[in-house]
Amino acid sequence: MLYLVPTPIGNLKDITLRALEVLKEVDLILAEDTRTTSHLLNHYQVTKPLSPYHQHNEHKVLHHLVSQLLEGKKMAVVTDAGTPGISDPAFLLVRECIKVGVKVECLPGATAFVPALVNSGIPANRFCFEGFLPVKKGRQTLLKQLSEEERTMIFYESPMRLVKTLEEFITYFGEERMCSVSRELSKVFEENKRGTLKEVCDYYKEKGVKGEVVLILHGKE
């Protein structure tokens with residue numbers, strides 16, 4: 001059995017009772033960053049072996065993990081925050097497990113873009129999730145394509161690149177396009193800044209940016 005276990009995106013209280021039960025019963029926990037996961041596990045007195053599982057080693061360890069699962073081990077995959085597989089590793093392992101007949105179960109739980117979308121004030125009935133934009137190759141081509149997108153768009157961005165991304169969005173989508181930037185969701189200094197692309201860009205140029213960011217962008221009228 002392979003479990004995909006969402007973890008809190010900020011506030012440690014946002015983990016579910018079922019997630020804690022699963023983490024306590026599995027044989028091995030696969031963690032994006034073992035140090036970050038250890039902090040969570042220690043907080044809830046979960047004592048299970050940890051093994052690193054991230055974008056730099058997921059191909060290398062894939063078949064070894066699957067062979068252990070086929071032998072009867074129970075494993076849980078967690079990321080630093082949120083649901084595994086959403087802009088984080090998990091897909092390769094899930095696909096291989098399905099292929100060989102290992103049961104896979106994903107628990108419901110925290111995902112950063114959901115609260116950011118719902119509290120943005122931008123339509124949430126139809127949306128597309130773009131995650132992190134390409135840093136270089138294919139970035140401009142994708143932005144040109146998205147300039148015609150009528151659904152609400154959801155992006156993840158690093159604090160270091162947010163202002164640059166907002167400036168590019170102004171170029172491709174127009175400075176009056178409505179957006180919302182959510183950062184530090186569920187934490188003490190949570191902030192949701194809403195307005196036009198120009199207003200939000202000017203705000204963060206002056207203030208600076210800290211913490212992980214979710215950017216919600218209104219679709220083309």
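Observations on the model:
- Separation of region 100-166 and region 35-97, taken as the distance between their Cα centroids, equals 23 angstrom.
- Here the 3J(HN,Hα) profile of region 50-57, calculated from phi with Karplus coefficients 6.51, -1.76 and 1.60 at θ = phi - 60°, is 10, 9, x, 9, 8, 5, 8, 10 Hz, Gly and Pro shown as x.
- Cα-based Lys proximity count in region 2-106, under 12 Å, for pairs eight or more positions apart or on separate chains: 5
- J(HN,Hα) series, region 206-219, from Karplus relation 6.51 cos²θ - 1.76 cosθ + 1.60, nearest Hz, glycine and proline x: 7, 8, x, 10, 9, x, 5, 10, 10, 10, 9, 10, 5, x
- Taking the DSSP bridge list for the chain and keeping only pairs wholly inside it, about 50 percent are antiparallel.
- Alpha carbon convex hull of the chain, volume per residue in cubic angstrom: 134
- Region 105-221 gives an Rg/Rh value of 0.95, both radii derived from C-alpha positions and Rh following Kirkwood.
- Three-way shape call for region 2-106 based on the alpha-carbon gyration tensor, with the a/c threshold at 1.5: prolate
- For region 172-221, chymotrypsin sites (Phe, Trp or Tyr not before Pro) are listed when DSSP marks them as loop and at most 11 other Cβ atoms sit within 10 Å of their Cβ; the list is Phe189.
No lab work stands behind these numbers, since they all come straight from the coordinates. What you see is a predicted model; the values in this text were computed from it and never measured. Ideal geometry is used to build each Cβ from the backbone, glycine not excepted, and the neighbour counts take in all protein chains shown.
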